[in-house]
C-alpha cells in the first residue's frame with residue numbers, strides 16, 4: 001500500500017507571475033495570480049502547480065524537470081522559452097526563470113504535461129533503486145528501460161504519464177527549484193521508509209513537513 005498520495009508540483013521562481021504566465025498556456029492549465037505575489041496553475045478546482053517566489057536566481061541545472069508535449073517548438077519560444085539544444089527526439093529549452101525543460105513534438109496532443117524527470121547520481125542500478133523508493137511512496141507501476149532509465153507510471157492523481165528516473169554523473173549541489181508535494185497519514189512511515197527530516201514549516205492553519213528522498217531531493221508532506 002502506498003505511503004502517500006501525490007498532491008501537486010511546486011516551482012520556485014524569482015518572478016512567479018512571469019513564470020506562471022509562461023507555463024499556464026504551455027501546460028493547458030489556468031493561471032491564478034495570488035495576493036502575496038505568488039501564482040498557481042489550476043485544472044478546474046484542482047491546483048496542479050504552485051509557483052513560489054524565491055530571491056535567488058537559477059545557478060545550476062535542476063535535478064527535476066518537466067517534459068511537455070507541443071504541436072511545435074515555436075509555441076514555447078513564442079511564450080518566452082530559449083532553445084538550448086535540438087536533440088533527435090526532443091528539444092531542450094530554458095524557461096523565463098532559467099529552468100531547463102524538454103519539449104516533444106506530437107502530431108496529436110492528447111495531454112500537454114508529459115512526464116516529470118528526476119536525475120539520479122550514478123548508474124542504471126541507482127536510477128532503479130530511487131524509482132523503486134518512490135514507487136513505495138506513491139504506488140503505481142515500476143518499469144525499467146534497457147537504455148538505462150527507470151520510471152513509475154499509473155500513480156493515482158499524477159497529472160503526467162510518469163515520473164522518470166535518469167542516471168547522471170553529477171551530484172546534487174543545491175536546493176531543487178522543482179519539488180513535489182504529497183499527502184500522508186503517517187510521517188513516521190515515510191521516515192522509516194528512508195526519508196530524511198529537513199524541517200517543519202507553517203502558514204497560518206496550514207502546516208507541512210519538508211523531507212528528502214535518498215538522493216537528497218526535497219519534497220513536502222501534508223498530514224492531517
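The values are calculated or read from the model by the stated rules, or taken from the named source; none is laboratory data. Note that the coordinates shown come from a computational prediction; the quantities given were computed from them, not determined experimentally. FYI the Cβ positions are ideal-geometry reconstructions off the backbone, even for glycines, and counts take in every protein chain you see.
Only one of 84, 178 is over 17 Å from the mean Cα position of the chain (by Cα) and within 22 Å of residue 70 (Cα to Cα). Can you tell me which? Lay out the reasoning, then the answer.
Working: 178 fails: over 17 Å from the mean Cα position of the chain (by Cα).
Just one listed residue meets the conditions, 84.
Limited to region 6-23, what total is found for residues that are in a helix (DSSP H, G or I), in contact with a helix residue (DSSP H, G or I) (Cβ under 9 Å, 6 or more places away or on another chain) and over 18 Å from residue 114 (Cβ atoms)? Outline the logic, then answer.
Taking region 6-23 and keeping what is in a helix (DSSP H, G or I), we get 16-23.
Filter once more, so that each one left must be in contact with a helix residue (DSSP H, G or I) (Cβ under 9 Å, 6 or more places away or on another chain): 21-23.
Checking which are over 18 Å from residue 114 (Cβ atoms) leaves us with 21.
Result for region 6-23: 1.
Which condition number in (1) touching a residue at least 12 places away in the same chain (Cβ under 8 Å); (2) more than 17 Å from residue 132 (Cβ to Cβ); (3) out of contact with any helix residue (DSSP H, G or I) (no Cβ under 8 Å at 6 or more places or on another chain) is the one that residue 162 fails?
(2)
For the structure I just gave you, tell me whether residue 123 is under 18 Å from the mean Cα position of the chain (by Cα), farther than 24 Å from residue 28 by Cα and in contact (Cβ under 8 Å) with a residue 24 or more places away in the chain. First the steps, then the outcome.
Working: under 18 Å from the mean Cα position of the chain (by Cα): no; farther than 24 Å from residue 28 by Cα: yes; in contact (Cβ under 8 Å) with a residue 24 or more places away in the chain: yes.
Answer is no for this residue.
Over 18 Å from residue 179 (Cβ atoms), modelled with pLDDT of 95 or more and touching a strand residue (DSSP E or B) at 6+ places or on another chain (Cβ under 6 Å): is that true of residue 104 in this structure? Before the answer, list the steps.
Details: over 18 Å from residue 179 (Cβ atoms): yes; modelled with pLDDT of 95 or more: yes; touching a strand residue (DSSP E or B) at 6+ places or on another chain (Cβ under 6 Å): yes.
In short, yes.
What strands (runs of 3 or more DSSP E) lie completely within region 121-224 and have 3 or more residues being surrounded by fewer than 16 Cβ atoms within 10 Å (Cβ to Cβ) and at pLDDT 95 or above? Before the answer, list the steps.
On the way: elements: 141-144, 150-153, 162-168, 178-183, 196-203, 206-212, 218-222.
By residue number, 196-203.
Tally the residues that are assigned to a loop (DSSP other than H, G, I, E, B) and either in contact with a strand residue (DSSP E or B) (Cβ under 7 Å, 6 or more places away or on another chain) or farther than 21 Å from residue 10 by Cβ (or both), restricting the search to region 67-86.
So the answer is 3.
Pick out the one residue from 117, 105 that is touching a helix residue (DSSP H, G or I) at 6+ places or on another chain (Cβ under 7 Å) and within 24 Å of residue 152 (Cα to Cα).
105
Could you list, in sequence order, all residues of region 26-49 that are surrounded by fewer than 16 Cβ atoms within 10 Å (Cβ to Cβ) and touching a helix residue (DSSP H, G or I) at 6+ places or on another chain (Cβ under 7 Å)?
Within region 26-49, 30, 33, 37 qualify.
Quick check on this structure: which one of 3, 34 is more than 16 Å from the chain's Cα centre (by Cα) and under 22 Å from residue 157 (Cβ atoms)?
Working: 34 fails: under 22 Å from residue 157 (Cβ atoms).
The conditions single out 3.
Just checking, how many residues over region 87-102 are over 15 Å from the mean Cα position of the chain (by Cα), closer than 17 Å to residue 114 by Cβ and in a loop (DSSP other than H, G, I, E, B)?
4
Condition first: farther than 21 Å from residue 160 by Cα and in contact with a helix residue (DSSP H, G or I) (Cβ under 9 Å, 6 or more places away or on another chain). Now tell me which residues in region 55-80 satisfy that. Before you say what the answer is, go through the steps one by one.
Of region 55-80, the ones farther than 21 Å from residue 160 by Cα are 55-61, 74, 77-80.
Those that are farther than 21 Å from residue 160 by Cα and in contact with a helix residue (DSSP H, G or I) (Cβ under 9 Å, 6 or more places away or on another chain): 79, 80.
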